[in-house]
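Just so you know, all these numbers are worked out from the coordinates, no wet-lab data involved. What you are looking at is a predicted structure, and each value in this text was computed from that prediction instead of being measured. Here the Cβ is made from the backbone with ideal geometry for all residues, glycine too, and neighbour counts use every protein chain on show.
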Amino acid sequence: MPEHGSPTVRRRRLGQELRRLRERADLTGDQVAVRLGWSAAKISRIETARTSPRTSDVEALLLIYMVDSRQRQELLALHRDATRKGWWEDYRDSLPKEYTTFLGLEAEATAARDWEPQVVPGLFQTEAYVRAMMESGQRSTLEAPGGVRSRIEVRMARQQAVLRTDSPLAISAVLEESVLLRRFGDHEVMREQLRRLIEVSELPNVELRILPLDADHPINTGTFCHLKVPEFHDVVYLEALLGGRLVEDEAIVYRYEVAFDYLETKALDVDDSRRFLEKTVRHWR
């Protein structure tokens with residue numbers, strides 16, 4: 001298990017295991033709810049990880065499912081881990097629900113594959129670039145200034161948690177050339193941002209590729225991030241103007257995986273991409 005593990009994934013594993021045990025006991029959610037004096041909705045929320053059960057709730061379920069002592073201790077330990085707070089919990093009120101779920105999955109992922117045709121990926125953004133981008137978005141979506149400040153804090157905290165750790169996430173990113181030419185802030189902000197990309201491209205856990213505008217563009221889709229999560233399943237996060245959507249259907253996730261593989265074949269290799277970045281810095285003089 002990676003050291004940057006996440007309670008989000010453990011809550012989901014706990015819910016899945018409790019559902020499996022209920023089905024093994026040949027009980028419906030309604031039948032369990034009647035025995036415990038709960039609502040069927042509570043059973044559903046626990047099994048789908050939409051709520052975090054109390055220890056007494058888990059113990060009551062395990063008693064009904066007649067779980068042996070060894071497995072009982074394993075599941076209670078999983079429950080204890082699932083109740084830990086992730087770094088993003090302090091910002092939950094200012095973030096879309098789907099995005100907080102994504103952050104929890106990212107915290108336990110071993111690899112991320114990121115396609116970005118519009119802006120620099122969040123993990124690689126400078127604070128000045130984030131601020132300029134958020135302020136531009138504020139004018140178009142009427143977001144409150146306090147919301148901008150909070151989102152900047154989240155972006156910087158995410159970088160600290162994912163990149164500046166003893167077990168950093170392995171990241172493969174493909175950026176369309178237009179990302180490097182689309183201005184947020186002034187020329188100094190853009191120069192600083194491109195230099196940050198050059199620095200990031202030299203990290204041992206990062207593979208950064210540029211897809212030139214005159215290259216073959218094999219897919220027509222917006223930003224997506226494909227995560228590999230051990231002992232769970234791969235997921236894809238699709239970004240949008242006012243939030244995002246998490247995709248977990250295995251067949252759809254696989255299609256995004258194939259699309260990213262193809263993007264990598266059309267993009268410049270890692271070394272040529274770094275030289276391309278160095279050349280593009282001069283565009284912002």
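If you bin the C-alpha pair distances of the stretch 94-238 every 10 Å from 0, what whole percents do you get?
Histogram of Cα-Cα distances, whole percents per bin: 10, 39, 39, 11, 0.
What is the angle, in °, between the Cα long axis of helix 97-106 and the longest principal axis of the Cα atoms in the chain? Nearest 10 is fine, range 0 to 90.
90
If you look at just the Cα atoms of the chain, how large are its Rg and its Dmax in Å?
21.7, 71
By how many nm would the segment from Thr55 to Asp269 grow when fully extended, if each residue of separation counts as 0.36 nm and the alpha-carbon distance is taken off?
72.0 nm
Where Lys and Arg each count +1 and Asp and Glu each count -1, what net charge lies around Ala251 among other residues with Cβ under 12 Å from its Cβ?
-4
Over the alpha carbons of the stretch 185-237, what is the largest minus smallest coordinate on each principal axis, giving the biggest first in Å?
Sorted from largest, the Cα extents of the stretch 185-237 read 43, 28, 21 Å.
Suppose only helical runs count, i.e. DSSP H with n ≥ 4. What mean residue ellipticity at 222 nm does that imply for the chain under -39500 (n - 2.57) per run, divided by all residues and rounded to the nearest 500 deg cm²/dmol?
-16500 deg cm²/dmol
What is the chain's relative contact order, in percent, from Cα pairs under 8 angstrom and six or more apart in sequence? Don't skip to the answer; put the middle values down first.
Details: 399 pairs, mean separation 59.1, N = 285.
Once divided by the residue count of the chain, the mean separation gives 21 percent.
Output the 0 to 90 degree angle, nearest 10, between the alpha-carbon long axis of helix 270-281 and the longest principal axis computed from the alpha carbons of the chain.
So the inclination is approximately 60 degrees.
Can you give the angle from 0 to 90° between the axis of helix 7-24 and the longest principal axis of the chain, with both taken from C-alpha atoms, to the nearest 10?
Approximately 40 degrees, to the nearest ten.
Evaluate the distance, in nm, between pseudo-label points positioned 7 Å from the Cα of Arg191 and of Leu203 along their respective Cα→Cβ axes.
2.4
Please say if the stretch 240-285 is rounded, prolate or oblate, where rounded means a/c under 1.5 for a ≥ b ≥ c the square roots of the C-alpha gyration tensor eigenvalues, and otherwise the choice is prolate for a/b larger than b/c and oblate otherwise?
oblate
Could you work out which residue, out of Arg275, Arg35, Arg22, moves most in a Gaussian network model of the chain, that is, has the largest mean-square fluctuation with Cα springs under 10 Å?
Its mean-square fluctuation being the largest, the pick is Arg35.
From the P(r) of the stretch 193-285, can you give the percent of Cα pairs sitting at distances over 22 Å? Spell out each step's value before the answer.
Details: 1821 of 4278 pairs.
Summing the P(r) of the stretch 193-285 above 22 Å gives 43 percent of all pairs.
In whole angstrom, and with the biggest value first, how far do the Cα coordinates of the stretch 1-120 range along each principal axis?
53, 28, 25
Sum up the charges of everything whose Cβ sits under 11 Å from the Cβ of Gln118, counting Lys and Arg as +1 and Asp and Glu as -1, but leave Gln118 out. Let's see the in-between values first.
Values: positive: Arg182; negative: Glu116, Glu176, Glu239.
My count for the surroundings of Gln118 gives -2.
For the chain: lysine pairs with Cα atoms under 27 Å, gap of 8 or more or different chains, count?
Lysine pair count for the chain: 7.
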